[in-house]
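First up is the structure itself, then whatever we jot down about it.
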């Protein structure tokens, strides 16, 4: 056999193997390891009339009633009958709102409990989820009015208001148990969502948001965020700034807080932050954590800010949907001018442009590390991230480079920013690098 014929035969064999791998259930299962990426900015807000209308429905008397009802169950630590009774009460509150609600059982560190999960399904990007959460367990000595009856009351109030509107993304209202024992309920839930590759845009936890004495304390709130979640803090500050008469709070952006339920999601690579009062409550984790020591005017303001933040993340009036963005990937045999290219098209350009962060990665199928590309003797991992406003289309092409050989996956992920914060589109294909200059991508069937 001639040398050229042998090379062609080997190339054909490799392509056939790649197709077999692509079609096999084993290979498809191995391709589901998608890393979450967070937006770099956030300025998406609902229209003024909508948010003002929602803010007007936040009722201080109802918030007080919720907290007093929770306090009436007495101390309700995880595993107690009191917590089971409180669980039934909270479940019934969501049910009365006509929201789908279910119990999520968990077992961690020889303890067990149930989270309460209610959902408001999105209209266009329902596979994208925003989570608002609090914990409903308390310490064994505490009736838990502020920690975290205040957060639970705010979640119930916000759910009751948001259910009257339609949002682009799905919103989950979750009440976790096991928080006081080390975020047990939320850690179980976050681990499961990560394992099932649920696309969570961001998680906002409300924990200890009902105590303030001085005017400075009453006019400010702490918003803790790690660097990857800082866009959520920017969004809450923007909402507070745009609605000073409705909210009346200054948002203090602070570093990560590892002691609330959002952190369980941060550990799984999701964006997660929490609101916490800007005061030291002397009754925290004591038998005197009761409604009489709380500031309900302050709780009302924080509730409005949380409502505005979550409603903005979920997007009331989206101009584009995920289906408007089309991703096409080509390899050398289909695109001779480049070794591979990625084309992103906005099929609804007459309505709006798409503000997105785009990540393009090539990873070896079995070794998992990035494919290396070599240009003028410099090795670079195939991991590119750019931010673009796509009116009609945008193309990313790579040419004149050498690549390390082998089977690979190419993943393209689009994440919305600015007024398109809710957008999320991802596509993945298999390919094979037959020679340093021949990249073949197998289109997904």
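FYI, it's all coordinate maths here, none of it is from the lab. Being a predicted model, the structure only gives us computed values, none of them experimental. Cβ: placed from backbone, ideal geometry, glycine included. Neighbour counts: every protein chain shown.
How large is log10 of I(q)/I(0) for region 202-317 at q = 0.11, 0.16 Å⁻¹ when the intensity is taken from the Debye formula with one equal scatterer per alpha-carbon?
-0.34, -0.72
Distance between Cα centroids, region 267-312 to region 371-390: provide it in whole Å.
Comparing the Cα centres of region 267-312 and region 371-390, I get a distance of 43 Å.
Kindly identify region 277-342 as rounded, prolate or oblate by the Cα gyration tensor criterion: order the square roots of the eigenvalues as a ≥ b ≥ c, call it rounded if a/c is under 1.5, otherwise compare a/b with b/c, prolate if a/b is larger, else oblate. Write out the running numbers ahead of the final one.
On the way: a/c = 6.83, a/b = 3.21, b/c = 2.13.
Judged from the Cα gyration tensor, region 277-342 comes out prolate (a/c at least 1.5, a/b above b/c).
Can you tell me how much longer the chain between residue 267 and residue 285 gets when fully stretched, taken as 0.36 nm per residue apart minus their C-alpha distance, in nm with one decimal?
3.9 nm
Once both axes come from the Cα atoms, what is the angle between helix 184-195 and the longest principal axis of the chain, in degrees from 0 to 90, rounded to 10?
20
Pop the C-beta distance of residue 216 and residue 242 into the FRET formula with R0 = 22 Å and round what comes out to the nearest 0.05.
In this case the efficiency is close to 0.50.
Provide the packing ranking of 412-424, 160-172, i.e. peptides ordered by the mean count of other C-beta atoms within 10 Å per residue, highest first.
Ranked by mean Cβ neighbours within 10 Å, highest first: 412-424, 160-172.
I'd like the antiparallel share, as a percent to the nearest 5, of DSSP beta bridges with both residues in the chain. Spell out each step's value before the answer.
Values: 70 of 93 bridges.
Of the beta bridges lying entirely in the chain, close to 75 percent run antiparallel.
Using only the alpha-carbon atoms, how far is helix 3-23 inclined from the longest principal axis of the chain? Give it as 0 to 90 degrees, nearest 10.
20
Where both partners of a DSSP beta bridge lie in region 48-314, what percent of those bridges are antiparallel, to the nearest 5?
The antiparallel proportion sits near 45 percent.
Return a whole-number percent for the relative contact order of region 48-314, with Cα pairs under 8 Å and 6 or more residues apart as the contact set.
Averaging sequence separation for qualifying contacts and normalising by length gives 25 percent for region 48-314.
Please give the per residue volume of the convex hull enclosing the alpha carbon atoms of region 48-314, rounded to a whole number of Å³.
Given the Cα convex hull of region 48-314, per-residue volume reads 109 Å³.
Residue 323 label point, 7 Å along Cα→Cβ, cut-off 17 Å on backbone N: hits in region 339-380?
345-352, by backbone N distance to the label point.
If one takes the longest principal axis of the Cα atoms in the chain, at what angle in degrees, from 0 to 90 and to the nearest 10, does the Cα axis of helix 60-72 lie?
It works out to around 80 degrees.
With an 8 Å cut-off on Cα pairs and a minimum separation of 6 or more residues, tell me the relative contact order of the chain in percent.
Computed value for the chain: 17 percent relative contact order.
Given a Förster distance of 56 angstrom, what is the FRET efficiency for residue 57 paired with residue 376, based on the Cβ-Cβ distance and rounded to 0.05?
0.35
I need the calculated FRET efficiency for the pair residue 402 and residue 347, taking r as the beta carbon distance and R₀ as 35 Å, to the nearest 0.05. Can you show the working numbers first?
Values: r = 35 Å, r/R0 = 1.00.
So, using R0 = 35 Å, E works out to roughly 0.50.
How high is the relative contact order of region 178-309, in percent, counting Cα pairs under 8 Å that sit 6 or more residues apart? Walk me through the intermediate numbers first.
Values: 212 pairs, mean separation 51.2, N = 132.
The normalised contact order for region 178-309 reaches 39 percent.
Note the full-extension length gain between residue 110 and residue 368 as 0.36 nm times their separation in residues minus their Cα-Cα distance, in nm to one decimal.
89.5 nm
Per q in 0.21, 0.25 1/Å, what log10 I(q)/I(0) does a Debye calculation on the alpha-carbon atoms of region 125-167 return?
-0.73, -0.87
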